[in-house]
1. Select from region 71-88 the residues that are in contact with a helix residue (DSSP H, G or I) (Cβ under 7 Å, 6 or more places away or on another chain) and at pLDDT 95 or above and write down the one among them that is nearest to F184 (Cα to Cα).
2. Does V68 satisfy the condition of being more than 15 Å from the chain's Cα centre (by Cα), under 30 Å from T138 (Cβ atoms) and not in a loop (DSSP other than H, G, I, E, B)?
3. Which of the numbered conditions does A180 fail, given that it passes all the others? Conditions: (1) touching a helix residue (DSSP H, G or I) at 6+ places or on another chain (Cβ under 8 Å); (2) crowded, with 23+ Cβ neighbours inside 10 Å; (3) touching a residue at least 24 places away in the same chain (Cβ under 8 Å).
4. Step by step: first the residues of region 6-53, then only those that are away from the ligand (no atom under 13 Å from the Cβ) and of a type in the set (A, V, I, L, M, F, W, C), then the one that is nearest to H119 (Cα to Cα). Which residue is that?
5. Return the residues of region 149-191 that are touching a Leu at 6+ places or on another chain (Cβ under 8 Å) and of a type in the set (G, A, S); say none if nothing qualifies.
6. In region 155-191, which residues are under 16 Å from the mean Cα position of the chain (by Cα), more than 12 Å from the ligand (Cβ to nearest atom) and either of a type in the set (A, V, I, L, M) or not in a helix (DSSP H, G or I) (or both)?
7. Kindly establish whether R123 is surrounded by 16 or more Cβ atoms within 10 Å (Cβ to Cβ) and more than 16 Å from the chain's Cα centre (by Cα).
8. Can you tell me which condition I42 does not meet? The list is (1) aliphatic (A, V, I, L, M); (2) surrounded by fewer than 19 Cβ atoms within 10 Å (Cβ to Cβ); (3) not in a loop (DSSP other than H, G, I, E, B), and all the others hold.
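The values are calculated or read from the model by the stated rules, or taken from the named source; none is laboratory data. Since the model is a prediction, treat every value here as computed from it, not as a measurement. Cβ sites come from the backbone with ideal geometry, for glycine too, and all protein chains shown count toward neighbours.
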Amino acid sequence: MSLKGKVAFFVTTNFHKFSEARHVLAEHGVATAMLRIEAIEIQDDNLEGIAKASVRDAVEKSGLPVLVEDAGLFIDALKGFPGPYSSYVYRTLGTRGVLKLMEGTDKRNAYFYSVIAFHSPERVSPKCFHGKVEGRITLNEQGNQGFGYDPIFEPRGGAGITFAEMTTAMKNRLSHRAQALRKFAVWYRST
Ligand code: ITT
């Protein structure tokens with residue numbers, strides 16, 4: 001096994017995601033670059049199914065070893081909504097809309113889930129890695145770091161602050177994305 005030459009291209013349109021991923025992968029000796037191609041994103045209620053379809057498409061379009069992530073926020077009081085629809089819900093309702101849906105409920109449990117799918121021209125099928133972080137939905141938006149639902153998500157073990165109040169390094173110690181990427185990096189280095 002050699003650390004030299006371990007590279008995986010991260011296919012995303014979200015620079016924040018890439019930036020978090022780059023730090024985690026670098027710590028584990030995997031170099032990455034952001035590949036901004038439009039990989040298809042199928043509608044499915046399963047994050048792994050979505051990530052696998054996207055990563056297959058990305059390899060076909062690029063001919064490179066690539067990573068694709070599909071992530072979502074699952075809120076208990078909303079029966080797991082927005083889950084696989086997190087991107088659409090963020091663009092339409094936004095964090096304020098989600099807080100509004102939760103007005104009057106003190107059941108605030110939620111979790112972020114990430115599926116990282118890796119695929120390359122040499123492989124027969126994609127390989128997936130999962131990460132999850134439990135936490136709660138705050139009553140108000142707090143903080144201005146990060147992206148997406150970060151201002152309303154307070155991770156367990158995060159000293160009572162939201163992801164949006166953390167540096168990237170702090171978020172990476174806890175996040176769903178970092179957990180999945182660490183598993184990927186350990187496996188990738190061993191291949
Ligand atoms: P790509 O598909 O291009 O990678 P995206 O932002 O659409 O970018 P996802 O479909 O994986 O990424 O994520 C769905 C949404 O879930 C995303 O738009 C965010 O609003 C939210 N989300 C995912 N991870 C998050 C995180 O770490 N912090 C806050 N919100 C997050």
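1. In this case the residue turns out to be A71.
2. Values: more than 15 Å from the chain's Cα centre (by Cα): no; under 30 Å from T138 (Cβ atoms): yes; not in a loop (DSSP other than H, G, I, E, B): yes.
Spelling it out, it is not the case that V68 is more than 15 Å from the chain's Cα centre (by Cα), under 30 Å from T138 (Cβ atoms) and not in a loop (DSSP other than H, G, I, E, B).
3. With respect to (1) touching a helix residue (DSSP H, G or I) at 6+ places or on another chain (Cβ under 8 Å); (2) crowded, with 23+ Cβ neighbours inside 10 Å; (3) touching a residue at least 24 places away in the same chain (Cβ under 8 Å), A180 is out only on (1).
4. In this case the residue turns out to be A8.
5. Of everything in region 149-191, those that are touching a Leu at 6+ places or on another chain (Cβ under 8 Å) and of a type in the set (G, A, S) turn out to be G157, G158, A185.
6. A169, M170, A185
7. On the way: surrounded by 16 or more Cβ atoms within 10 Å (Cβ to Cβ): no; more than 16 Å from the chain's Cα centre (by Cα): yes.
It is false that R123 is surrounded by 16 or more Cβ atoms within 10 Å (Cβ to Cβ) and more than 16 Å from the chain's Cα centre (by Cα).
8. All conditions are met except number (3).
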